[in-house]
Every structure is written in C-alpha cells, then in structure tokens.
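First the structure, in the form of structure tokens, and then the observations on it.
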Amino acid sequence: MAARVVYLRRIACIVLACVAIPSGLIPCAGCAGYRFGNNTLYAPNVRTVYVPIIQSDSFRTTPSIDIGERLTEAVCKEIEKRTPFKVVGDPAADSVLTARIVADTKRMVVESPTDQSRMVEMNFQVLVTWADRGGAVLASGGVPLPAASVDVGQAAMLVPEYGRSVASTQQEMIIKMAQQIVGLMEEPW
C-alpha cells in the first residue's frame, strides 16, 4: 500500500510539472540572465546616447542645412527607431556617438555627347566612434577593433534624367549612412 502511494505521488508530480512548466507557473532559475528579442543585439549597460552635431569637412551644403546636421538628425532618428537606447542632449550620457564626414566626392560615371552628366556617383566617407563615459570604445565595427574610429562609406547614383536631384541623392545617402552607423552599435556575435 505504501509503495502504491509513493508511485501515485510521483505520477502526480510528473503531471503537475508537465502542466506547470509550459504555462509559466514555475520560473526557470537558469534563465534569469538570459536576454531575448531586440535587447540581445545591443549593450545591456547602455541606456542613453549623446550624439553631438556631426562635423563635416565637406564644402557642399544645401541652402539652409549643413550635411553634418542632416546626418545627425538621421542618426538620432535611427537610434530611436531601431535600438532600445534613448538619445539625450546631455554629454554625461551613458555613451557618446561621435562622427565626422571626412570626404564628400562626386564622380561622373556617364556623360552625354555634349559633355553633360547623365549619371554621377556621389560618395560620403565618415569616421565614427561610439564610446562610454570613460572613453572606452564600445563599438567600432562588426568585429571589435583596437582602433578608436571606424571609416564608413556610402555611395548613391545621381541620374538627372530620372528626376533625381543633388538634394534627393544626398538624402538617400544620409539615410543609408545613418542605418550603417546605427548598425555599428550592435554587439558582435
């Protein structure tokens, strides 16, 4: 009789475990430090990011806004959209993302018989550094590098015959560049 009671208790424990574990009634102690979802891609010790206005060595500007200011705005929007970080205006944030446009070039790819440009390649080169408050580099590309800055490039084609303008081509490059810069903030696998 006692053996039967022990047997029934074991069956009851197994049934209870089969019901409780999938329904989430029993917490898993071994998973306490596990991260999942979007949070696994980014540094867990960073909550805020300060992005100073991106400096530009370029002489090309639009009538009212500098390329560096446009890129800063795009990077801030991309950080807010894709990451769990909050962009703040305080230099004492958890981390600082600095960048500098070091090259802004145009190269004619196709020209018409009358020497007018039909297709022009526009290119940006940007040096990017993401560091914590102490100055330690948090991200410098897909693989951690000893260098303090990473060179990121983006090109776009200006084709006037298809209704493209310099401003629309620059905006396309700025958006893609912002996506690349925020992509550098992901932790390496």
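So here's what we get for this one:
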| read-out | value |
| --- | --- |
| Residue that is modelled with the lowest pLDDT, among those in the range 64-93 that are surrounded by 18 or more Cβ atoms within 10 Å (Cβ to Cβ) and charged (D, E, K, R) | 70 |
| Looking only at the range 129-162, and only at residues there that are among the hydroxyl-bearing types (Ser, Thr, Tyr) and at pLDDT 55 or above, the one that is nearest to residue 184 (Cα to Cα) | 129 |
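The values are calculated or read from the model by the stated rules, or taken from the named source; none is laboratory data. Predicted model only: the values in this text are computed from it and were never measured. Every residue, glycine among them, receives a Cβ derived from its backbone with ideal geometry; neighbour counts consider all protein chains shown.
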